[in-house]
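The values are calculated or read from the model by the stated rules, or taken from the named source; none is laboratory data. Since we're looking at a predicted model, the values are computed, not measured. Ideal geometry is used to build each Cβ from the backbone, glycine not excepted, and the neighbour counts take in all protein chains shown.
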Amino acid sequence: MKPVKRMADLLFIFSLCIITNFIFSCNQTNSKPGKLDDTFTDSLVKIARPTQIFFDSTALDSFFVEYPSVKQYEEPMRDFYQKRSWQYVWYHSKGLSESAFGLSAHLLSDTSDKSVSETVKHKLDSLINSNGNETTMEPDFRVEGLLTVLYFRYAENVLAGVDESVSRKLGWMIPRRKLSLPALLDSFLVAKNWDEFEKGAINLQYFKLKEVLEIYTSIEASGKEVSLPAFSGKALRPGDKADYVGLFRKRLVQLGYAQSLADTNIYSPDMIGAVNMAKKAYGFKEDSILTKDVYQEVSVPVTIRQKQLLVNMERMRWVPARFEADEFILVNIPDFKLVYFENNAPSWTCNVVVGTPANKTVVFSGMMDYVVFSPYWYVPTSIITKEIGLSRAKSAAYLKRKNMEWVGGSLREKPGPNNSLGRVKFIFPNSNSIYLHDTPAKELFKRDTRAFSHGCIRVQEPFKLAQYVLKSDSSWTDEKIKAAMNAGVEKKVVLNKKIPVYIAYFTAFADKDGLVHFRKDIYNRDASLLESLTEKRD
């Protein structure tokens, strides 16, 4: 989808990313195996150039007496100004700086931005305007302090998002990035190119979603949204005709899947590219067939898509801007895809099967330590009691038929081509007992929606994944990997290089070509997050 214009309401932002052109495109640093979070440190930040205009430190005491509603920022403000020997940062020798006017003009005029209270906005606006000639105004610490508060509050809301306790309650167990408000303000003040500064601050995914959000908001505001009738009849192929095709063409153009299309009810060749782009955007096979599934997705009102974009933009705020590792694995649950990253860029993708809504795959991160070839499958107690039955699981006939055995009080399936874990599993130790593995149920990978497991993640191409994770060990040739997968004897291999694994949940994201994708909210997580965002704005 093509952006129509840059989003002005994100003019000054700093910090964040993944996953990419994910599927995600982002700027990342080189690796230190074992660290998964993204702590922002002063070593990453340039210090703003001294202004040589000083104030008495007691001005801070007076400021918080006059503005007690912003006292939560006293500690970061003292830290920020003490490191600069109590120098003004929003003033220079001739008055307020360009950064000060830019920040205040943007945030004071944006009525949709709730990151700063109207009281603070009004007071700052009044102080600036009451000084007459703005280019020669004397330094006023009330203005200085309110500008700093303005930035801190904006940075907190735009960069950090909802509190980590909220995201954890909503099931997001990937460590959130840590922000230093003083460090962020330093970087903001020294930025020479605010466009690049902004794009280096937040995951580029965020801006792609924001661009599409603007398009959909414009469609809603125009009052001219194309509304489609219910799908009727059979799927259409090029050359077929149906009454609704003319409106469907207009809807494809309106949503950006085509620049223009002829006004006709015939599914003519000029429409094929747009249909396939839409099918790709919604996770369907690009087979040029106008199916009921893609028709219904294209029909979804823009007001609903706006909410979907907003919650995923919020999730993008939680993602690290700079990864410690330049090589990692990402699984996006709603997309049913695994993406392998090398040198901070996607290098390989394959389909996966994730947990059912009743057996949700957990959103978390871990370090892949080892691989097990020809694995045993130790059957979880819950499966024995709820699905197999204890008496049945202990019968000799059942054990023989299923190639299972009891060992030390545990039921396990022996290695082999029909083992439930397939011929290899990939372990990143975690309390959730989640791992990646092969499967004999290959037919499930042909489906568009692939939520069938008990929580673990089944990989369509396990041999290829084994090649990737073992490539740093030259002794593991393709022939050796294949032999181990088919040996019928369990073998554990510790990785020379541990690999970070992120199990994430994004129902909207952009691919490497900039096309924004939408996926079904299979675990019904979007509504809860949207409610939290609404409460935060209120």
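Can you tell me which residue in segment 187-211 is modelled with the lowest pLDDT, limited to those that are basic (Lys, Arg) and closer than 20 Å to Leu515 by Cα? Taking the candidates together, the pick is Lys199.
Scanning segment 455-504 for residues that are in a helix (DSSP H, G or I) and in contact with a helix residue (DSSP H, G or I) (Cβ under 8 Å, 6 or more places away or on another chain) turns up Pro462, Phe463, Ala466, Gln467, Asp478, Ile481, Lys482, Met485. Comparison of Ser420, Ser431 shows that the only residue that is modelled with pLDDT of 95 or more and either out of contact with any helix residue (DSSP H, G or I) (no Cβ under 8 Å at 6 or more places or on another chain) or surrounded by fewer than 21 Cβ atoms within 10 Å (Cβ to Cβ) (or both) is Ser420. When we screen Pro357, Pro346 for residues that are in contact (Cβ under 8 Å) with a residue 60 or more places away in the chain, farther than 17 Å from Ser410 by Cβ and exposed (fewer than 15 other Cβ atoms within 10 Å of the Cβ), the only hit is Pro357. Do we find that Leu290 is surrounded by 18 or more Cβ atoms within 10 Å (Cβ to Cβ), of a type in the set (A, V, I, L, M, F, W, C), under 27 Å from the mean Cα position of the chain (by Cα) and modelled with pLDDT of 95 or more in this structure? In short, no.
Of Val379, Val371, Val407, Val353, which residue is outside the structural domain of Pro175 (by TED's automatic domain parsing), closer than 30 Å to Phe284 by Cβ and aliphatic (A, V, I, L, M)?
Details: Val379 fails: closer than 30 Å to Phe284 by Cβ; Val371 fails: closer than 30 Å to Phe284 by Cβ; Val407 fails: closer than 30 Å to Phe284 by Cβ.
None of the others qualify; the one that does is Val353.
Tell me, please, whether a residue that is touching an Asp or Glu at 6+ places or on another chain (Cβ under 8 Å) and in a loop (DSSP other than H, G, I, E, B) can be found in segment 377-386. Yes, segment 377-386 has at least one match. All conditions in (1) of a type outside the set (Val, Ile, Thr); (2) within 27 Å of Ala160 (Cα to Cα); (3) touching a residue at least 60 places away in the same chain (Cβ under 8 Å) hold for Tyr282, with the sole exception of (2).
Just checking, how many residues over segment 334-358 are under 16 Å from Arg447 (Cα atoms) and either outside any strand (DSSP E or B) or within 15 Å of the chain's Cα centre (by Cα) (or both)?
In the first step, residues of segment 334-358 are kept if they are under 16 Å from Arg447 (Cα atoms); the result is 334-338, 350-356.
If we keep only those that are either outside any strand (DSSP E or B) or within 15 Å of the chain's Cα centre (by Cα) (or both) too, we end up with 334-338, 356.
Within segment 334-358, residues that are under 16 Å from Arg447 (Cα atoms) and either outside any strand (DSSP E or B) or within 15 Å of the chain's Cα centre (by Cα) (or both) number 6.
On the given criteria, is Asp521 out of contact with any Asp or Glu (no Cβ under 9 Å at 6 or more places or on another chain), closer than 17 Å to Lys337 by Cβ and surrounded by 13 or more Cβ atoms within 10 Å (Cβ to Cβ)? Yes: the conditions hold for Asp521.
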